[in-house]
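The values are calculated or read from the model by the stated rules, or taken from the named source; none is laboratory data. It should be emphasised that the depicted structure is a prediction, and the values quoted were computed from it without experimental measurement. Because the Cβ atoms are built from the backbone with ideal geometry, glycine has one as well, and the counts that use them run over all protein chains shown.
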Amino acid sequence: MLPSKDQNLSRRRFLQASSATSAAVLSAGVWSSRGHAESNSANEQLNIACIGTANRALNDINGVTSESIVALCDVDSRFLDVQAKRFPDAKTYADYREMLDESEGKVDAVVIGITDHHHAPATIRAIEKKMHVYCEKPLTHTVEEARIVTEAARQAGVATQMGTQIHATDNYRRVVEIVRSGAIGDVNEVHVWVGKGWGAKDAPSGNDPAPAYLDWDLWLGPAAERPYIDGQYHPAQWRRWWDFGQGTLGDMACHYMDLPFWALGLTSPTRVAAAGPPVHAEACPQGLKVNYEFPAIENRGPVRLTWYDGNLTPRTVSGIDVPGSGVMFVGSEGKMFANYGSYKLYPEQKYASFTPPPKTIADSIGHHAEWIRACKTGEPTTCNFDYAGPLTESVLLGNVAFRAGKPIEWDAAKLQVIGNEQANGLVGKEYRPGWEVRALETVS
């Protein structure tokens, strides 16, 4: 789909506004609903609203129960009712727009754990009301949305965190320290793979009555109207379809690509090429391979990162037999494999007596706990939107390149693909009226 004139105009205005305001807001204090920057003491409970109450969202609720849960929202009353009994003093909603409107001035922070296509609409509305935001990964459903919410959070001065829980683990921190120490030399090549497949060969068909417990229109939200199909979409299959998710890349890359992003200081790629099955208008691929090219920076050369998933997941990477998911750093002096819980250096004989460098990254107090502390003190989280926004942009550019059917050259400053209007049409998207995602107009 090509971008409309209104979309292009909106994007230009957004970029002009963000360029003019970014420098002014970098030092903005953290806003609190209790009246001024950094006013929440470490011992004072936050008033938190939770959007989504089951599955991943339930884990997020459990992560913030040290605070006061004052509002709950879910389009599925089965899930909502369970948590309403658990938090009897919390007000319940089906529509988060209504919840956020009624909660303005009463709620300090919002936890968002719903489908990808709702991430940005919920996040931007919370930021507009100067609520702190914790949002699941990927941060947004489109590249443009990632830029919008990142800039908006910076302007509003709110505390933010993306739900990349593995970022808080001891193993990830030690891997980052080892790579940065130069133990495997200069790293200019990285492979990232996940043996999981959120894709489909074709679009589902059918037209069933939506169950009484589900508000189907609210579930669709910003997406185009379509019939409910029993056993599809809600609650577990939505990642397979472009209108709601971003396939395996959208599901898992913010976890696994997080490690090289952090260790190597990656930001925005300049070129992205993708390969997989024939592109389907509605269905995500069952397997995908993406090559990202990141430019050199002051302390390292250019980096080529390759992503694999689904039925294109390799069994051997850089000459080494590997398990179903992981990251391989290829350095000038050696190689390093890592996954969520462990790491290993190669050649094994060379690193048999390897001693890790001293710790330089403090152990985490807990992923959700970092965000709660940030809400109260203004101390940034390690996965705040200034970090998570560029990570999400890069991840989702892989699907832009795949759906465009050819490699893309990316101009991050202009938020556009160079010389490819078809691909530019995939950087953002259209919304049903009432669900739009727009940049903040002014700094409050």
Got at least one residue in region 115-134 being surrounded by fewer than 24 Cβ atoms within 10 Å (Cβ to Cβ), within 18 Å of Cys375 (Cα to Cα) and without any contact (Cβ under 8 Å) to a residue 40 or more places away in the chain? yes
It is to be established whether one or more residues within region 335-346 are exposed (fewer than 13 other Cβ atoms within 10 Å of the Cβ) and at pLDDT 95 or above. yes
For the condition free of Cβ contacts under 8 Å to residues at least 24 places away in the same chain and either on the phi < 0 side of the Ramachandran plot or touching a Pro at 6+ places or on another chain (Cβ under 8 Å) (or both), what is the one hit in Asn188, Asn171, Asn207? Asn207
Quick one: Glu298 ticks every box in (1) under 25 Å from Arg147 (Cβ atoms); (2) in contact with a helix residue (DSSP H, G or I) (Cβ under 8 Å, 6 or more places away or on another chain); (3) not hydroxyl-bearing (Ser, Thr, Tyr) except a single one, so which number is it? (2)
Among the candidates Ala263, Ala253, which residue alone is out of contact with any Ser or Thr (no Cβ under 9 Å at 6 or more places or on another chain) and crowded, with 21+ Cβ neighbours inside 10 Å? Ala263
Is at least one residue of region 336-349 in contact with a strand residue (DSSP E or B) (Cβ under 8 Å, 6 or more places away or on another chain), charged (D, E, K, R) and without any contact (Cβ under 8 Å) to a residue 60 or more places away in the chain? yes
